[in-house]
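Worksheet: the structure to be examined is printed underneath.
The values are calculated or read from the model by the stated rules, or taken from the named source; none is laboratory data. Everything numeric in this text was worked out from a predicted model, so none of it was measured. When we count neighbours, we look across all protein chains shown, and the Cβ atoms used for this are built from the backbone with ideal geometry, even at glycine.
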Amino acid sequence: MPHHSPAPAPVPAPVPAPAPARAPSRRRRRTGLAGLVALALVVGAAASPAAAGRGHQPPAPDLGANVVVFDPSMPVADIQARVDAIHAQQVDAEMGTARYSLLFLPGEYGTAEQPLQMKVGYYTEVAGLGASPSDVVVHGKIETYNRCLSDDPDNPNCLALVNFWRTLSNLTIDIDAAGQDGCRASANFWAVSQAVSVRRVDVRADEGDPGFSLMDYCTAGPQYASGGFIADSRFGDVVNGSQQQWLTRNSEVRSWSNGVWNQVFSGVEGAPDDAAFPDPPYTTLDTTPVSREKPYLYVDDHGRWNVRVPSAAQGTRGITWADGMTPGRSVPLRSFYVARPGDSVARINLELARGKNLLLTPGVYDVASTITAWRPGTVVLGLGHATLTSVRGSVPLFVADVPGIVVAGVTVDAGPTKSPVLLKVGLRLGGHDWGARSRKDPITLSDVYFRVGGPHRGSTDVALEINADDVVVDHTWVWRADHGVEGFTEGVNGDTERWRTNIGRTGVVVNGDDVTATGLFVEHFQQHNLVWNGDGGRVVLFQNELPYDPPTQADWTRPDGTLGWAGYKVGDAVRTHQLWGGGVYVFNQNNPSIVTERGFEVPERPGVRLTHVMTVNLSAGTIRHVVNDTGDQVDDTAVGVPSFVAQYP
């Protein structure tokens, strides 16, 4: 993820002065996990005012100790204490194993006299359990602040560049900053970077109310951030500030201010115009080519738990819930096998073979063989960033090429033994996809993340391989870790060790035709970060950082002598392909003399078109061209100054 950027653009009052021009140190101290907090599932469906007067209510399901269900009848102080305890445990647990899902039954939480002010840490999901976002209203705030990585008061190193892995969805925030200081009272702060999604959120925003800020300008001034993703949400005024890139899809905004590099809007009511690109650096699509919202849990009027599976649609704009329930189908929770860490793959596959869907409760699952979703319409839904970790070189997850399979809210980690791939979608035999076309009901991956290294050594040839046609990838972060615990010692020797032990050859390979990706973040892989071989591909926002750690130019030179691998590679045989809003960043901290020939590499055909792409030097290293032989060189003579190509060809 990015760690160096130019000073953020000016932001509206009461934002303080801009950040210093010099980026903070990238080095991090290790932080241990806070003591574990004992959590119990709060069974509250029968007591909820939304369920009052409806007779006997079914019992709430047992989703494990790390799923906490709140009821509006609970005292605000009790809810505040619980969420504060979880945040205290998770705020520094970047490489930890604890995962949490905080679920709110329909009703209102907090009051004007006692607002509920939540802070969200690592691996934490906050979600409402209503059929509509308006069914759960939080009077107060739900926030993430800069994380301070140093105890040095003169250089606290406070930033949002490593604020990963958190989810906010399916509720309304009525911003109330009562009791907070003057700066904190100015906005709801959501200072995050990759692997963070905001979905189905309604921010009540009358003129003059505090806005929603995607950076934290109160903790050590405006600082750097590298997100992010919003979908199917409604906002008033949004301050983007120092976010280096962001995708807002199928939403509504009253206003949007600031932006550093790639700011992309797709199917957004109120999106800014992009005619002046690159100043400001906005890319605006009137509609989204193909979209499908992420499945979500909800409790119906009879207290029954369901998963809503939204339908896919083409040429969409705005939110899905403006005129009632999001179009789609409801699947009773009883139709899911509720898995827990420690469950065997054999048991999970048996339940899938029996026709069950799969709900992964929060935690880390050691996967020594492949979980296989092969039945049309199967839903695999993770809560609280449920994580599948490869054991003994396994392929943790395989999705058959059949219509309607949805995988959402799942993180897939590489293990120390090299895997051929971490998630494979469909088979491609003899150069052909043998599955059925599924344009009306496509296979969909939503908030599916990948990690190679970080908490432990990881190794894979490919993280995500898509062989099926018509697949929709709706927000993914595919990360070969640039920092972590094991195998990430400091200094040049440590970086060299990481290059040899933290193996990730290619992040994403797309062989299927007519695949659409909205929000594709791929970083630090050792060859091409993305290889797109299928025809008819469409990508709405691509963000990439080349690897930081090649020891020598020879390590970063292709067999044919080309200097380096492109971050974005479209196969030579591809006839049609489109990208809107893309960036490739270079920071060769291990060896600043390393040169990469080009950021984007595509065949020279009229049907292959790139709109609003750029390269940038973050501190060290060189990219000679943006796309093919077009675009100016970026190097350390102009750190943080992008080279833009508005249209190619």
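Please work out if GLY564 is in contact with a helix residue (DSSP H, G or I) (Cβ under 9 Å, 6 or more places away or on another chain), outside the structural domain of THR167 (by TED's automatic domain parsing) and surrounded by 24 or more Cβ atoms within 10 Å (Cβ to Cβ). Considered against the rule, which asks whether it is in contact with a helix residue (DSSP H, G or I) (Cβ under 9 Å, 6 or more places away or on another chain), outside the structural domain of THR167 (by TED's automatic domain parsing) and surrounded by 24 or more Cβ atoms within 10 Å (Cβ to Cβ), GLY564 comes out as yes.
Exactly one residue among LEU520, LEU530, LEU546 is farther than 29 Å from GLN314 by Cα, buried (at least 24 other Cβ atoms within 10 Å of the Cβ), among the aliphatic types (A, V, I, L, M) and at pLDDT 95 or above, and that residue is LEU546.
From the list ASP209, ASP181, ASP216, the lone residue that is in a loop (DSSP other than H, G, I, E, B) and in contact (Cβ under 8 Å) with a residue 60 or more places away in the chain is ASP216.
Tell me yes or no: at least one residue of the stretch 268-278 is surrounded by 24 or more Cβ atoms within 10 Å (Cβ to Cβ), in contact with a Pro (Cβ under 9 Å, 6 or more places away or on another chain) and in a loop (DSSP other than H, G, I, E, B). Checking the stretch 268-278: not a single residue is surrounded by 24 or more Cβ atoms within 10 Å (Cβ to Cβ), in contact with a Pro (Cβ under 9 Å, 6 or more places away or on another chain) and in a loop (DSSP other than H, G, I, E, B). Of the strands (runs of 3 or more DSSP E) lying entirely inside the stretch 574-621, not one contains at least 2 residues that are modelled with pLDDT of 95 or more, of a type in the set (A, V, I, L, M, F, W, C) and in contact with a helix residue (DSSP H, G or I) (Cβ under 9 Å, 6 or more places away or on another chain). For the stretch 219-232, the criterion of being surrounded by fewer than 23 Cβ atoms within 10 Å (Cβ to Cβ), at pLDDT 95 or above and hydrophobic (A, V, I, L, M, F, W, C) is met by none of the residues.
Of the residues making up the stretch 104-133, those that are among the hydroxyl-bearing types (Ser, Thr, Tyr) and either out of contact with any Phe, Trp or Tyr (no Cβ under 8 Å at 6 or more places or on another chain) or under 17 Å from ALA195 (Cα atoms) (or both) number 4.
Could you tell me whether the stretch 402-422 includes any residue that is under 25 Å from ARG480 (Cα atoms) and acidic (Asp, Glu)?
Taking the stretch 402-422 as the starting set, the residues that turn out to be under 25 Å from ARG480 (Cα atoms) are 406-422.
Retained after the next criterion (residues that are acidic (Asp, Glu)): 413.
Yes, the stretch 402-422 has at least one match.
With respect to LEU352, determine if the residue is under 22 Å from the mean Cα position of the chain (by Cα), buried (at least 18 other Cβ atoms within 10 Å of the Cβ), under 28 Å from ALA98 (Cα atoms) and hydrophobic (A, V, I, L, M, F, W, C). Judged against the criteria, LEU352 is not a match. VAL452 fulfils the conditions (1) surrounded by fewer than 23 Cβ atoms within 10 Å (Cβ to Cβ); (2) farther than 28 Å from SER291 by Cβ; (3) out of contact with any His (no Cβ under 7 Å at 6 or more places or on another chain) except for a single criterion, (1). Examine the stretch 376-386 for a residue that is closer than 20 Å to VAL485 by Cα, out of contact with any Lys or Arg (no Cβ under 9 Å at 6 or more places or on another chain) and surrounded by 21 or more Cβ atoms within 10 Å (Cβ to Cβ), and state whether such a residue exists. The answer is no; no qualifying residue exists. Among the residues making up the stretch 279-322, those that are under 18 Å from GLY537 (Cα atoms), touching a residue at least 60 places away in the same chain (Cβ under 8 Å) and part of a loop (DSSP other than H, G, I, E, B) are ARG292, ALA312. Residues that are part of a strand (DSSP E or B) and buried (at least 23 other Cβ atoms within 10 Å of the Cβ) within the stretch 144-165 comprise THR144, ARG147, LEU159, listed in sequence order.
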